[in-house]
Amino acid sequence: MTESANMQEVAGARVRGRGVWEHFTVLDGLPDMRVECLSEDSDGGIWVGTHDGGAARFDGERFVCYSTEDGLSSDSVYSITEDKSGSLWFATNRGLTRYDGTTFEILDVSLDYSFLWGSCMDESGDLWFGLDRRPGRPAGVVRWDGSDLELIEAEGSEGISIHSVARVSGLLMAIGHISYSVQGKKLLVLPWQLNDARALATVDDGTAIVAAEGGIYEVSATSVEKVSSEGGAESVVVRDGKIWASTSDGEIAEFDGQGYSQKRQSPITSLWRGVQIDSRGRLWVSGFGGGVCCYDDSILRLLETDEMPDSSVLAVEVDTDGTTWIGTTKGLWAVLADGRLLASPQGHGLSSASVTSLCATDGELWVGSRNGLVYSIQTMTIRSRDSPPELRGLSIAQIVAVDGTVYYRGRGPNSFGTLAPRLSQVQEIGEIPITAVTALSNRTGGGFWLALSGASSDSRIIGVLANGTIDAVLNCEHSTTTLYDSDDRLWIGGTNVLSTVDRACRTERVLGIVGMVSSIEEIESERILVGTEGGGLVCAVGETGTRLPFPLIPQYQAVNDISIDRQSRRAIIATNAGIAWFDYG
C-alpha cells in the first residue's frame, strides 16, 4: 500500500432532499386540462374541478370522472367543499350540486346563481360560497344553513366577483377586487383593501393570508400587513405554520414568516387558482391548460447540495455506521448519518477519479475506479491499493466481498479475480474458463454467482460454493447484466427483461423491463427494487412491476446502482443526475 490521506469535511455544506413532481394530464384520465379548483375529501381523495369537463376524484391510482350525465348541475366546477356529514358540494356556473357518495342532487334555487372559486364551512357547519360578478347586481355570497340557501349582498359595488371566502376569528371574509366581511345580513366593505385579492387562507392564530396582485399579506378584521412582495401570487395555502403560494409564472414559494425558505418550479409554466396541501403533506397545484401536478417528498427525494459538483453518480454504498458513500465521475464523497458532507482531498488521485464501484465489508470500504485503480478506506483514511495489472486502463465494474474474500470484476476479457486477502487473477473455476464476466453476486449460504457472456446474446451463470466448487450451471437465452440472490431465488437482469430461478434452478417468472437492468436489491420479502439504464426505477412484486415517479429527465432514468439502508428503511439510488432517496417504510 502507498499514498494515504484523510477524507475531509466540507465546511458549511448543506445536504438536503427535494421531492419529485408528478404531472397529470388528460392522458392520465383528467377530464379537462383547464383546472379551476382542487380539494381533498375526508377519505384522502383529491378532487379536481375543471372549466368544461366536470369533476374528477383521484384515489392514488386513477381518476374517476363525473359530469352532468352523472348529475352535476354543470360541467364548469369552480369550487368543491365537504360538509360535516361528508357530502361534497360542487359550486358551478349553474348552481350547486350535493353529492353524498352515491347520488348527485341539484339544489333548487330561485335565482340563477353562478358561483366562483371560493367556498368554506364555518365552525357551526354552515357552508359559504362566493358568487361570480352579476351585471347590475352587487357582490354577494350564499350561505347554506343545512336546510335553506340565503343570499347576502353588498351595498352598491355592482359587477364585483368574490374570489375566495374563509372564516377568520369568527368573521366570514369574502375577497375579490373589493374585500368584504359578513355582518348580519350584509356584506360590508373591510377597512383595508388590496388590489385584486385572489386567494384567502386562514392561519391558526386567527389571522389570514391573502394572495393579491401586489404580494402576500397577513390580514385581520381591522389590519393588513405585507409579509412578502412576491408578485403574481394566484393562490395560497397554510399548513403547519408555513405558507405556500403559487404564482402565474409556475413557481411555488414556501414562506415561513421570515422569508421564503425555498422556491420550486413546477412542471406547469403558469399556475392558476388551485393549490392544496393534502393530509399526507403532498403539495397539489393546477394550471388553466396545464392540468394538475403533485409535489411529494414523503417517499422519494433527490439529494441536493451546493458544494457537490454536478456529475453522474456511478456507485453508492451505505456502511454499518450509516455513512452513505457516493462514487461520482468527479471523485468520492460521503454523507454522514448526521448530514455532514465529506470529500476526498484535493490533489489526491481519488478526488478526480471516476469512481465506478464501492463495497463496504468488515469496517473497510473498497473503491474501484474507471482507470483500474483501487483504494480502501478505514476510519476515513484513504489508502491506495495494489491494482490488478490486467485492469490498468479498464473500468472496475464491481467489487464484492464473499466469505472474507474481496472479488473484483472488470469491464473487459480476463478481468476477474481477488483483491484480498491477496491479489490474484482467476482464469478458471473447475474446468470452466473465466473470460468475460458480466455480473457477480453473493450467494445465500456462502459462495457466489457468476455470469459469463456467451458467443451471441445468451449467457451462462455458474454457482460457486464457499469451498470453490461449482454446483450449478444455468444457460440463459438473454445476456445477463445483473444478479441478485435472495433467500429462495436468484434474480437475473438483462436487457428489457428480469427473470428468476428457484433453488432447483427452474425458471419461475419473466418480467418485461424497459431498458437494461443495472442493479437489483431486495427491500422486503418479495419486494424488489430494479434499476435500469433508461427506464428509471421499478418496484417488482411477484410478476408485477411498477415504475416509481422519478423526474421525467433522461439523466434520472439512468440508474447505475442501488444500496439499502435497512436501519432507516431507505434505498439510496445512484443516477446520472445524482442521488435519490426512496423511503420504503
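Some observations on this one:
- In segment 317-369, residue surrounded by the fewest Cβ atoms within 10 Å (Cβ to Cβ) [restricted to those that are within 16 Å of A574 (Cα to Cα) and among the charged types (D, E, K, R)]: K330
- Residues within segment 231-247 that are farther than 20 Å from G176 by Cβ and part of a loop (DSSP other than H, G, I, E, B), tallied: 2
- Of all the numbered requirements in (1) of a type in the set (G, A, S); (2) exposed (fewer than 14 other Cβ atoms within 10 Å of the Cβ); (3) closer than 21 Å to G290 by Cβ, G19 misses one, and that requirement is (2).
- Looking at S286, S279, just one residue is of a type in the set (S, T, N, Q), in a strand (DSSP E or B) and at pLDDT 75 or above, and that residue is S286.
- If you check S518, S568, S563, S499 for being closer than 20 Å to W449 by Cβ, in contact (Cβ under 8 Å) with a residue 60 or more places away in the chain and not aliphatic (A, V, I, L, M), only one passes: S563.
- Cβ separations smaller than 6 Å between residues 6+ apart or across chains give the following pairs from segment 479-496 residues that are hydroxyl-bearing (S, T, Y) to residues that are surrounded by fewer than 19 Cβ atoms within 10 Å (Cβ to Cβ): S479/S457; S486/E522.
- Among the residues of segment 36-67, those that are polar (S, T, N, Q) and crowded, with 16+ Cβ neighbours inside 10 Å comprise S39, T50, S67.
- Set I520, I528, I562: member being at pLDDT 85 or above, of a type in the set (V, I, T), surrounded by 14 or more Cβ atoms within 10 Å (Cβ to Cβ) and within 15 Å of L303 (Cβ to Cβ): I562
- The strands (runs of 3 or more DSSP E) found wholly in segment 337-401 and carrying at least 1 residues that are among the charged types (D, E, K, R), over 17 Å from S415 (Cα atoms) and out of contact with any Gly (no Cβ under 7 Å at 6 or more places or on another chain) occupy 364-369, 381-385.
- Exclusive hit being in contact with a helix residue (DSSP H, G or I) (Cβ under 7 Å, 6 or more places away or on another chain) and of a type in the set (F, W, Y), set F63, F24, F104: F63
- Selection over segment 291-316 of residues that are surrounded by fewer than 16 Cβ atoms within 10 Å (Cβ to Cβ), charged (D, E, K, R) and part of a loop (DSSP other than H, G, I, E, B) gives a count of 3.
- Of the residues making up segment 469-490, those that are within 17 Å of R409 (Cβ to Cβ) and assigned to a loop (DSSP other than H, G, I, E, B) are S479, T480, T481.
- So Y408, is it touching a Leu at 6+ places or on another chain (Cβ under 6 Å), assigned to a strand (DSSP E or B) and either without any contact (Cβ under 8 Å) to a residue 60 or more places away in the chain or more than 30 Å from D52 (Cα to Cα) (or both): yes
- Which numbered condition N195 fails, given (1) at pLDDT 85 or above; (2) in contact with an Asp or Glu (Cβ under 7 Å, 6 or more places away or on another chain): (1)
- Restricting segment 545-559 to residues that are over 19 Å from S312 (Cβ atoms) and either of a type in the set (G, A, S) or free of Cβ contacts under 8 Å to residues at least 12 places away in the same chain (or both), the residue that is surrounded by the most Cβ atoms within 10 Å (Cβ to Cβ) is G545.
- Residue match in segment 74-91 (condition: among the basic types (K, R), outside any strand (DSSP E or B) and over 17 Å from E36 (Cα atoms)): yes
The values are calculated or read from the model by the stated rules, or taken from the named source; none is laboratory data. This is a predicted model, so every value here is computed, not measured. Cβ sites come from the backbone with ideal geometry, for glycine too, and all protein chains shown count toward neighbours.
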